[in-house]
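Heads up: the structure comes next, in structure tokens.
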Amino acid sequence: MASLTTATRALARSSAIRSTRVAALSTTATVRGDAAAPSPFKPVDSTKVPDYSKYMSKGNKNTNALISYFMVGTMGAISAAGAKDTVQEFLKNMSASADVLAMAKVEVDLATIPEGKNVIIKWRGKPVFVRHRTAAEIEEANSVKVESLRDPEQDADRVKKPEWLVMLGVCTHLGCVPIGEAGDYGGWFCPCHGSHYDISGRIRKGPAPLNLEIPAYDFPEEDKLIIG
Ligand code: FES
């Protein structure tokens, strides 16, 4: 009889638990489906400005302004100094190094070039022709009628000293390197497509449109040439 009572109680307890679970499930379904359920958050009036008066300085307004200006000015000066250093360092890093600057200029000892001879100097990866012209060559260069030239240029405008002709050894047609002491005009001849340059490096025949280019150069001393 006692075991029957115990079994009855267990049955009743399990039935109560099952009904609680069903109730819980049905409650969840109700909450999800009910769009008009009240929000758990309180509405906030976002237009209301909090009172900061207790944080405000009680001191003199002018003194406060002075301190503010001083702080702003000091911070501005420190920032400007920092920015200046940063820009300076950046420019220093971007500028050419000493070995690159050395290559930008080439020094030539003219005493080693006999009259009537050419030398080819490599400058910034390009050939530069330096010719020690004879008096006859200078006279020939000056005797040409400039108006008849494709790229009219006086010989005197192409040299700083008549005996020294300095020019880039790059054909103005498509960039080949012309051969010295060759061609129909006793100057340079470009074998790529047959351009002839005279003893002043001016184009006289062939497809090249312009005279050979004159680079920047100077004579700092009597027998010294600086190209670049
Ligand atoms: S590159 Fe010299 S003639 Fe064409």
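The values are calculated or read from the model by the stated rules, or taken from the named source; none is laboratory data. Only a predicted model underlies this, so the values are computations on that prediction, with no experimental measurement involved. Positions of Cβ are generated from backbone atoms using ideal geometry, with glycine treated the same way; all protein chains shown enter the neighbour counts. When the accessible area is computed, the model is the full protein with side chains, heavy atoms only, and any ligands, DNA or RNA have been set aside. Shrake-Rupley method; radii C 1.70, N 1.55, O 1.52, S 1.80 Å.
From the list Glu115, Glu139, Glu153, Glu181, exactly one residue is assigned to a helix (DSSP H, G or I) and more than 16 Å from the ligand (Cβ to nearest atom). Which is it? Answer to the selection: Glu139.
Yes or no: the range 186-208 includes at least one residue that is surrounded by fewer than 19 Cβ atoms within 10 Å (Cβ to Cβ) and modelled with pLDDT under 95. Within the range 186-208, one or more residues are surrounded by fewer than 19 Cβ atoms within 10 Å (Cβ to Cβ) and modelled with pLDDT under 95.
Taken as a whole, the range 129-143 holds no residue that is modelled with pLDDT of 95 or more, open to solvent by 30 Å² or more (accessible area, probe 1.4 Å), aliphatic (A, V, I, L, M) and closer than 19 Å to Glu213 by Cβ.
Is it the case, given these coordinates, that Phe219 is more than 14 Å from the ligand (Cβ to nearest atom), under 19 Å from Val119 (Cβ atoms) and among the hydrophobic types (A, V, I, L, M, F, W, C)?
Yes.
Restricting attention to the range 163-178, the residues that are within 38 Å of the chain's Cα centre (by Cα), more than 10 Å from the ligand (Cβ to nearest atom) and without any contact (Cβ under 8 Å) to a residue 60 or more places away in the chain add up to 4. Could you please give the count of residues in the range 184-204 that are away from the ligand (no atom under 12 Å from the Cβ) and in contact with a Gly (Cβ under 6 Å, 6 or more places away or on another chain)? Count: 2. Among the criteria (1) away from the ligand (no atom under 16 Å from the Cβ); (2) not in a loop (DSSP other than H, G, I, E, B), the one Pro127 does not fulfil is (1).
Among the residues of the range 156-178, those that are part of a loop (DSSP other than H, G, I, E, B) and farther than 17 Å from Trp123 by Cβ comprise Arg158, Val159, Pro162, Glu163, Thr172, His173, Leu174, Cys176.
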